[in-house]
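The values are calculated or read from the model by the stated rules, or taken from the named source; none is laboratory data. No experiment lies behind these values; they were computed from the predicted model shown. Virtual Cβ from ideal backbone geometry, glycine too; neighbours counted across all protein chains shown. These area figures cover heavy atoms from the full protein model, side chains too; ligands, DNA and RNA do not enter into them. Shrake-Rupley method; radii C 1.70, N 1.55, O 1.52, S 1.80 Å.
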Amino acid sequence: MRLPLGWLHDYVTPEIPTRELATRLAMTGTEIDVIHHHGVGGLEHFVVGKVLTCERHPDADKLSVCTVDVGDGEPSQIVCGAANVAAGQTVAVGKPGSVMPDGTRLKTAKLRGVASAGMILAEDEVGIGQDHAGIMVLDDALAAGTPLATVLPISDEVLELEITPNRPDCLGVYGVAREVAAATGAPLAPAPWEAPQTRAAYDELRTQDAGGAGTAGDITIRNEAPDLCPRMTWRLYEDITLAPSPRWLKARLMAAGQRPINNVVDITNYVMLLTGQPLHAFDADRIAGGTLVLRRATVGEKVTTLDDVQRTLDDRMLLFADGDGPTSIAGVMGGSRSEIYDDTVRVLMEVATWDGPNINRTMAKLGLRSEAGARFEKGLAPEQTLEAQAVAHRLMVELTGATPVDGTLDLGGDGPAAAVIRLRDSRVEGLLGAPVARERSAAVLETLGFGVAPADDGLDITVPAFRRIDVTREADVIEEVARLEALDTLPSTVPENRTGHAAQLTHGQKVRRRAEDVLVGVGLHEVCGWSFTEPAVLDRLRIPADHALRAVVRLENPMSEAQSILRPTILGSLLDATAHNRSHGHTDLGLFESGSVYAARPVAADAWAGRRPAPADEHHALAVLLNGASTPASWQASGTPAPADVFTAKGILESVLGTLRVAFTIGDAPEGAWPFLHPGRSGAVLDADGNRIGFLGEVHPLVAQAWDLDGPVAAFAVDLGKVAALAPEVVGYRDLTSFPALRQDLAVVVADDVSAARVLEAVRGAAGKRLADVRVFDMYRGAQLGEDRKSLALHCEFRAPDRTLTDEDVAPVRAKIVKALAEQVGGELRG
């Protein structure tokens with residue numbers, strides 16, 4: 001919603017800058033999306049002028065050369081292209097230096113060889129209308145040089161508001177004015193429908209309460225769907241003079257984002273923007289048969305709406321129909337037969353309340369949204385119909401010269417009686433954690449339109465009709481007090497958990513954060529994918545029909561087919577993110593994601609036990625995906641590009657699990673376990689007991705191709721719940737500085753099919769506690785080793801907690817290692 005501040009200031013004028021006001025509203029629940037400037041800039045250059053002379057341009061038939069008194073002593077020469085410019089007129093002038101709505105700055109220029117010092121302005125050139133047919137002619141009583149901003153609303157600031165669905169009352173200027181008054185303490189003017197001149201004129205008219213049918217003048221009206229339209233109000237006006245609206249009204253509509261049309265249509269839009277209640281004006285003489293009926297449509301019934309589109313309805317949609325058939329879609333958009341025409345002289349003004357969900361469904365089904373429907377779908381109060389009728393009545397009489405006929409036809413009446421909620425002081429303090437003075441609560445709630453009466457233990461709060469839907473209990477009232485008064489003053493405390501200790505992260509949460517920090521530290525970028533995905537992704541991942549990963553959780557009411565299941569693996573969203581980045585020119589990618597994955601859980605018929613079980617097995621996964629010719633510099637030991645292959649992925653996995661103090665090995669992948677991985681370049685991540693906690697490998701080339709990825713794509717994923725269970729909660733540190741380590745290197749020759757992991761396992765098992773560390777730092781194959789043989793170079797570190805070890809101390813340990821290598825892996829020392 002666009003809110004012009006000049007319009008807001010009719011009802012509340014906070015003595016704070018606009019940006020501070022925007023911040024204050026945002027902090028109290030009314031989000032400000034952006035602050036716009038509407039109209040012109042350089043206001044000192046816009047003045048009232050008097051046209052002294054007007055002569056035809058010597059070289060252009062459609063241009064006039066005028067001399068204009070702009071209050072500077074000497075007249076200015078201005079070339080004007082408007083057909084209606086004439087000597088003796090009082091006009092609006094933009095002098096050199098003026099900034100137009102599109103940002104253009106005026107300067108002295110030559111038009112067809114004649115100098116022109118500025119412009120004589122039309123409405124659209126200052127943003128107060130769309131008329132460009134001629135210049136504006138102002139009141140002759142205005143003096144030359146009068147600042148134009150004091151005469152016309154040519155410049156204003158506009159707040160663009162993001163209104164939450166539960167606050168349709170803030171979709172009107174006065175509703176926001178209530179919020180501003182409560183948030184800033186500025187005085188609030190009476191509501192526009194309560195202004196004395198409006199109320200007096202309105203109360204003179206008789207109001208009929210006719211149940212489901214009645215007459216407005218000579219028009220008979222029936223409501224055949226009271227369940228979906230709880231209240232309709234009607235008023236007939238005659239002797240209408242259709243004309244352009246006054247400039248002040250057009251300026252406000254333009255600033256609010258509405259296009260001025262004529263005085264009758266502009267009144268309906270103006271009142272809607274002011275009160276939040278939409279209206280619709282019918283040409284009374286075009287209501288065939290003098291009868292208008294609100295009813296449900298029949299299946300396949302068609303209506304041509306104001307946008308000249310024929311729409312097909314179903315039997316859950318509402319329409320107005322006259323003697324010739326449907327005229328408009330009720331609550332959404334008028335029809336071509338119900339609009340105001342240039343020859344309209346009688347207007348039937350309709351203001352109604354509709355069932356919000358039904359309006360929402362109708363707009364969604366038809367693919368048709370409107371300003372009126374956007375308000376009705378959120379739920380408006382029946383009482384607001386007469387408020388809007390009151391404001392519209394005054395404007396119709398003043399701006400169109402209309403003669404009202406009889407009174408207001410009211411089909412339905414007010415909504416339910418107002419609820420009264422006890423607001424207890426103890427409950428306020430109990431929920432907020434701090435007391436709020438009863439007097440301050442009363443002041444805030446009264447400004448917001450609530451009725452307030454004293455009670456023994458607090459206040460009795462009467463909920464206004466326009467908040468009937470979202471304020472239904474004491475906690476809702478406390479929320480109103482909190483957001484406008486207490487939030488800024490609440491003490492900053494850490495809540496306690498059930499054991500009485502201050503709240504803190506669980507062990508699992510700490511493990512998750514630490515793992516994510518490691519990945520960020522090595523240069524990866526985090527992505528956040530959807531938990532929802534499409535069934536087709538299972539085919540793209542090459543998952544067979546009978547595979548366990550096909551046991552997915554399906555949503556009963558998905559937003560679309562593309563989000564109809566919960567993802568069984570986190571790899572799909574990482575592939576989506578990689579493909580998206582590659583398509584935008586990013587070729588070297590290292591991404592990770594931390595999120596939930598799901599598997600359907602079968603539920604036995606007798607397993608409900610009175611409560612609904614969880615429909616899925618869910619665990620938190622951490623996954624990494626690498627793709628590209630090189631990897632971030634933080635992964636590179638030599639400074640040269642490293643391939644994004646399975647070995648790089650394994651190095652990152654070691655960094656994560658090593659930081660968490662979780663021992664692991666890479667074992668053979670069970671056949672078919674992960675069909676999206678390369679069968680010869682993948683494996684299972686195993687804990688120290690051989691239990692699977694994840695996978696590591698390169699993505700299958702056909703899967704990579706399905707996402708349009710070239711080159712190797714390496715990935716790993718681990719179950720963070722299992723990792724957290726393996727990670728120690730308290731890490732014990734050994735003394736590494738008092739006594740240095742004794743370092744020795746071994747080269748052992750083994751068969752080519754013996755893995756490095758088996759060699760390291762044999763060394764660790766034989767060495768005992770004296771071995772502090774062992775790792776492979778080189779591998780060699782050559783003819784001198786023999787066919788199918790390789791040499792692994794091992795770096796060993798030995799350490800004792802009480803002294804520096806000598807070669808003699810380590811010799812027995814070394815002998816055990818050599819023996820174990822020979823017996824367990826068939827290894828022999830090289831050279």
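If one computes the Cα centroid of region 231-296 and of region 385-424, what distance in Å separates the two points?
Cα centroid of region 231-296 versus Cα centroid of region 385-424: 15 Å apart.
Stretched out fully, how many nm does the piece from D753 to R316 gain, at 0.36 nm a residue minus the Cα gap?
Result for the pair: 150.1 nm of gain on full extension.
Amide H neighbours of G276 under 5 Å, at least 5 residues apart or on other chains, H built in the peptide plane: list them.
Distant-sequence amide H within range of G276: V173.
Summing Lys, Arg as +1 and Asp, Glu as -1, what charge do residues with Cβ under 12 Å from the Cβ of S426 carry, S426 excluded?
With Lys, Arg at +1 and Asp, Glu at -1, the net is -1.
Using a simple spin-label model with points 7 Å from Cα along the Cα→Cβ vector, what separation in nm is obtained for T804 and A133?
The answer from the label model is 10.3 nm.
Are there trypsin sites (Lys or Arg not before Pro) in region 74-166 that DSSP puts in a loop and that have at most 13 other Cβ atoms within 10 Å, and which ones?
Answer by residue number: K107, R112.
Using helices alone, what [θ] at 222 nm do you get for the chain, with -39,500 (n - 2.57) per DSSP H run of 4 or more residues, divided over all residues and rounded to the nearest 500?
Numbers: 20 runs with 207 residues, N = 831.
Taking each H run of at least 4 residues, the total per residue is -7500 deg cm²/dmol.
Could you give log10 I(q)/I(0) at q = 0.12, 0.18, 0.22 Å⁻¹ for region 351-479, computed by the Debye formula over C-alpha point scatterers of equal weight, without solvent?
-0.67, -1.01, -1.19
³J(HN,Hα) across region 805-820 via Karplus (A = 6.51, B = -1.76, C = 1.60, θ = phi - 60°), whole Hz, x for Gly/Pro?
6, 10, 4, 5, 5, 8, 3, x, 5, 4, 5, 5, 5, 4, 5, 5
Using 7 Å Cα-to-Cβ label points, what is the V345/R540 separation (nm, one decimal)?
With each label point 7 Å from Cα toward Cβ, the separation is 6.6 nm.
From the list (1) 38.8, 118; (2) 35.1, 127; (3) 32.4, 102, can you say which value of Rg and Dmax of the Cα atoms in Å was derived from the structure given?
Of the labelled values, this structure produces (1).
How high is the relative contact order of region 546-589, given as a whole-number percent (alpha carbon pairs under 8 Å, six or more residues apart)?
Values: 20 pairs, mean separation 12.5, N = 44.
For region 546-589, the relative contact order is 28 percent.
What does the charge dipole of region 187-314 about its Cα centre add up to, to the nearest 20 debye, if the Cβ of each Lys and Arg holds +1 and the Cβ of each Asp and Glu holds -1? Could you put the intermediate results ahead of the total?
Working: 14 positive and 16 negative charges, 72 e Å.
Taking the Cα centre of region 187-314 as origin, the dipole is about 340 debye.
Taking 7 Å along the Cα-to-C-beta vector as the label spot, tell me the L505-L760 distance in nanometres, rounded to one decimal.
Taking the two extended label points, one gets 2.7 nm.
Can you give the net charge of the other residues whose Cβ lies under 13 Å from the Cβ of V810, counting K and R as +1 and D and E as -1?
+2
For every other residue with a beta carbon closer than 13 angstrom to the beta carbon of L821, add +1 if it is Lys or Arg and -1 if Asp or Glu, then tell me the sum.
Taking every other residue near L821 into account, the sum is +3.
Taking 0.36 nm per intervening residue step and subtracting the Cα-Cα distance, what contour gain separates D778 from D710 on full extension?
21.5 nm
If you average the C-alpha positions of region 55-128 and of region 764-831 separately, how far apart do those two centres end up, in angstrom?
Centre-to-centre distance over Cα atoms comes out at 95 Å.
First measure r as the distance between the Cβ atoms of N84 and T403, then evaluate 1/(1 + (r/R0)^6) with R0 = 25 Å and state the FRET efficiency to the nearest 0.05.
After rounding, the FRET efficiency stands at 0.20.
Between region 303-345 and region 666-718, what is the C-alpha centre distance in whole Å?
Cα centres, region 303-345 to region 666-718: 60 Å.
Past the 30 Å Cα-Cα mark, which pairs from K722/K790; K50/K250; K250/K302; K50/K110; K650/K790?
K722/K790; K250/K302, as the Cα separations exceed 30 Å there.
Considering amide H positions built from the backbone, and no H for Pro or chain starts, which residues 5 or more places from A330, or on another chain, come under 5 Å of its amide H?
Residues meeting the criterion, in which the H sits 1.01 Å from N, are L318, L319, F320.
Please work out the average accessible area per residue across region 54-164, using the 1.4 Å probe convention, and give it in Å².
48
Kindly state, to the nearest 0.05, the FRET efficiency for T104 paired with E15, given R0 = 35 Å and r defined as their beta-carbon distance.
The formula returns an efficiency of 0.55 here.
Per the 1.4 Å probe, what fraction of the accessible area of the chain, in percent, lies on carbon and sulfur atoms?
On the chain, the fraction of accessible area on carbon and sulfur atoms equals 50 percent.
Determine, from the Cβ-Cβ distance of A688 and H525 and an R0 of 22 Å, the FRET efficiency 1/(1 + (r/R0)^6), rounded to the nearest 0.05.
With a Förster radius of 22 Å, E is 0.10.
Can you tell me the relative contact order of region 636-735? Whole percent, Cα pairs under 8 Å, sequence separation 6 or more.
28
Which whole-number percent is the relative contact order of the chain (Cα, under 8 Å, 6+ apart)?
It rounds to 8 percent for the chain.
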